[in-house]
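See structure below.
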Amino acid sequence: MSSDSPIITASAHSVPSYLNADNLGPWGIYLQQVDRVTPYLGSLARWVETLKRPKRALVVDVPIEMDDGTIAHFEGYRVQHNTSRGPGKGGVRFHQDVTLSEVMALSAWMSIKNAAVNVPYGGAKGGIRVDPRKLSRAELERVTRRYTSEINIIIGPNKDIPAPDVNTNEQVMAWMMDTYSMNEGSTSTGVVTGKPISLGGSLGRREATGRGVFVVGAEAARNLGLEIKGARIVVQGFGNVGSVAAKLFHEAGAKVIAVQDHKTALFDPAGLDVPALIEHVAHNGTIDGFRAETISAEQFWQTESEILIPAALEGQITAANAPHIKTRMVIEGANGPTTPEADDILRERNILVAPDVIANAGGVTVSYFEWVQDFSSFFWTEEEINQRLVRIMQEAFRSIWQVAQENKVTLRTAAFIIACTRILQAREMRGLYP
């Protein structure tokens, strides 16, 4: 295309997708985010419709025999959003409220996230509509293996690599790997990441997402001239991500003054005893009952802090609570925790938001390390893994910061500019087949 050729946008001949933003929850939020970045894509904008449709969406029935002899049916999903840059990559969540819209959006955010940190993956995500707390261990294993068998046709070490997410862990990944391997007739450790160390898992993987949140938070604080030592930290969600991030900020001298989980919220202006809180959660499954002042959800969101870390589920910071949030910066440990409307409010209030697509990319980055180690059968030390993780996260954040400054846009839009450009450049170079 010559330099004076007109910019070509999406074809008018395309039939509009029914996957539009109206009433589509998380997927609608993602589409709005893509629309915001389109003006910055130049000639690549003609490919932008690629980002607005998942490459492949699989809905499966997951029937299992329960311990009491009854047959239960659960609905499962696996969505591959885009594989222009490499195989699909993204977690599997077990939650009673999982929807196709949610899984589609999460798969798309994985495309953006993987491109933002420049690991060679596309985006994918999976889930089952099930409350795992109501299943016995045997039932959980059966539902995991049946789901894996149903999505077996589209996953594989070079096709789509699942990983842990909400309510899934290294044991679930071990069952998935074993089921896939049995179906293939040979052991395939690279089909999932987040596995136990004894099955080809990587050192540092369990802490990787929370560590990435800390690294991005430290970089953002440095750019704002904010000292981590003595900074007040508020954390929503105290699972794998929130607890690790809280621990690392605590060790760096910050004060974690408020924490919220699915049951309650705690507050201590002098700083919570984070190691003791982690131990309490390990024994009780919740922060409830820990020795600290209990506060309401409304009070939690209004707690004054320097850094707020939403590390639970999507859609937590909304137009309703964003006007009342009192913090210098938001570091998104969860996927999609801030709605577009809330994003605008926070920007108007001069509150910096480090978006999920970079802030929680530590997990997929170390998943990439695990995948590489499985293929080479050569494993790295935890120190090597953490050093590489920090380098990649710092380089990615600094690139995003620079693009944000150059274009006078938010860090989220800057991350999308970088990621969408990389994805669409790959798509354009590959062309269309057939």
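Rule-based calculations on the coordinates, nothing more; no lab input. As the structure is a prediction and not an experimental result, all values here were calculated from the model. Neighbour counts are summed over all protein chains in view; Cβ atoms, including those assigned to glycine, are modelled from backbone coordinates with ideal geometry.
Translational diffusion coefficient of segment 135-216 at 25 °C, 0.890 mPa s, Stokes-Einstein with Kirkwood Rh over Cα pairs, in µm²/s as a whole number. Mind dumping the intermediate values first?
Numbers: Rh = 13.3 Å.
Calculated translational D: 184 µm²/s.
Counting DSSP beta bridges in the chain, what percent are antiparallel, to the nearest 5? Don't skip to the end; give the middle numbers.
Values: 23 of 46 bridges.
Antiparallel: roughly 50 percent of the beta bridges in the chain.
Where does the longest stretch of the chain lie that holds no GluC sites (Glu not before Pro) found in a DSSP loop with 15 or fewer other Cβ atoms within 10 Å?
Working: sites that count: Glu227, Glu304.
Answer - 1-226.
For Gly90, enumerate residues with amide H under 5 Å from its amide H, sequence gap 5+ or separate chain, H modeled in the peptide plane.
Distant-sequence amide H within range of Gly90: Ala124, Ile161, Ala163.
Once phi is turned into ³J(HN,Hα) by the Karplus curve 6.51 cos²θ - 1.76 cosθ + 1.60 with θ = phi - 60°, what whole-Hz value does each residue of segment 129-134 show in order, with x for glycine and proline?
For segment 129-134, the Karplus-derived couplings read 7, 7, 9, x, 5, 9 Hz, x marking Gly and Pro.
Kindly provide the chymotrypsin sites (Phe, Trp or Tyr not before Pro) of segment 338-409 that DSSP labels as loop, not H, G, I, E or B, and whose Cβ sees at most 13 other Cβ atoms within 10 Å.
Working: sites: Tyr368, Phe369, Trp371, Phe375, Phe378, Phe379, Trp380, Phe397, Trp401; in loops: Phe378, Phe379, Trp380.
Hits after loop and neighbour filter: Phe378.
Just to be sure I understand, if you calculate mean projected area of the Cα convex hull in nm² for this structure, which of (1) 22.3; (2) 24.5; (3) 30.4 do you get?
Answer label, from the structure shown: (1).
If amide hydrogens are placed 1.01 Å from N in the peptide plane, which non-local residues have theirs closer than 5 Å to the one on Ala265?
Excluding prolines and chain starts, which carry no amide H, the hits are Ile295.
Take the Cβ-Cβ distance between Gln425 and Glu348 as r, set R0 to 30 Å, and report the resulting FRET efficiency rounded to the nearest 0.05. List each step's numbers first, then the result.
Details: r = 33 Å, r/R0 = 1.09.
Rounded to the nearest 0.05, the efficiency is 0.35.
Cut-off 13 Å, label point 7 angstrom out along Cα-to-Cβ of Leu432: give me the residues of segment 26-64 whose amide nitrogen falls inside.
Under 13 Å, as judged by backbone N against the label point of Leu432, lie 46-50 of segment 26-64.
Sticking with the crude label model, points 7 Å out along Cα→Cβ, report the distance from Glu279 to Gln32 in nm, one decimal please.
4.4 nm
On a 26 Å Cα-Cα criterion, which of the cross-link pairs Lys229/Lys263; Lys52/Lys159; Lys52/Lys113; Lys89/Lys326 come out too long? Provide the component values of the computation, followed by the final result.
Numbers: Lys229/Lys263 29 Å; Lys52/Lys159 21 Å; Lys52/Lys113 16 Å; Lys89/Lys326 35 Å.
Check vs 26 Å cut-off fails for Lys229/Lys263; Lys89/Lys326.
Expressed in nm to one decimal, what extension gain is obtained for the pair Glu382 and Ala57 from 0.36 nm per residue of sequence separation less their Cα-Cα distance?
Working: separation 325, 0.36 × 325 = 117.00 nm, distance 3.58 nm.
Answer, rounded to one decimal: 113.4 nm.
Quick one: what are the phi-derived ³J(HN,Hα) couplings along segment 211-222, Karplus 6.51/-1.76/1.60 with θ = phi - 60°, whole Hz, x for glycine and proline?
Taking θ as phi minus 60°, the curve returns 5, x, 4, 5, 4, 5, x, 5, 5, 5, 4, 4 Hz for segment 211-222.
Assuming a viscosity of 1.002 mPa s and a temperature of 20 °C, what translational diffusion coefficient in µm² per second does Stokes-Einstein assign to segment 206-359, Rh being the Kirkwood radius over Cα pairs? Display every interim value, and only then the final one.
Numbers: Rh = 15.0 Å.
Here the translational diffusion coefficient equals 143 µm²/s.
Okay, helix-only estimate at 222 nm for the chain: each DSSP H run of n ≥ 4 adds -39500 (n - 2.57), divide by all residues, round to 500 deg cm²/dmol; what do you get? Don't skip to the answer; put the middle values down first.
Details: 13 runs with 182 residues, N = 434.
Rounded to the nearest 500, it is -13500 deg cm²/dmol.
Can you tell me the dipole magnitude for the chain around its Cα centre, using point charges on the Cβ only (Lys, Arg +1; Asp, Glu -1), in Debye to the nearest 20? Write down the numbers at each step before the final one.
On the way: 43 positive and 48 negative charges, 208 e Å.
So the magnitude is around 1000 debye.
Multiply the residue gap between Glu341 and Gln302 by 0.36 nm, knock off their C-alpha separation, and tell me the result in nm, one decimal place. Can you show the working numbers first?
Details: separation 39, 0.36 × 39 = 14.04 nm, distance 1.81 nm.
Here the answer is 12.2 nm.
Once fully extended, how much extra length lies between Ala138 and Ile154, figured as 0.36 nm per residue of separation less the alpha-carbon to alpha-carbon distance?
3.2 nm
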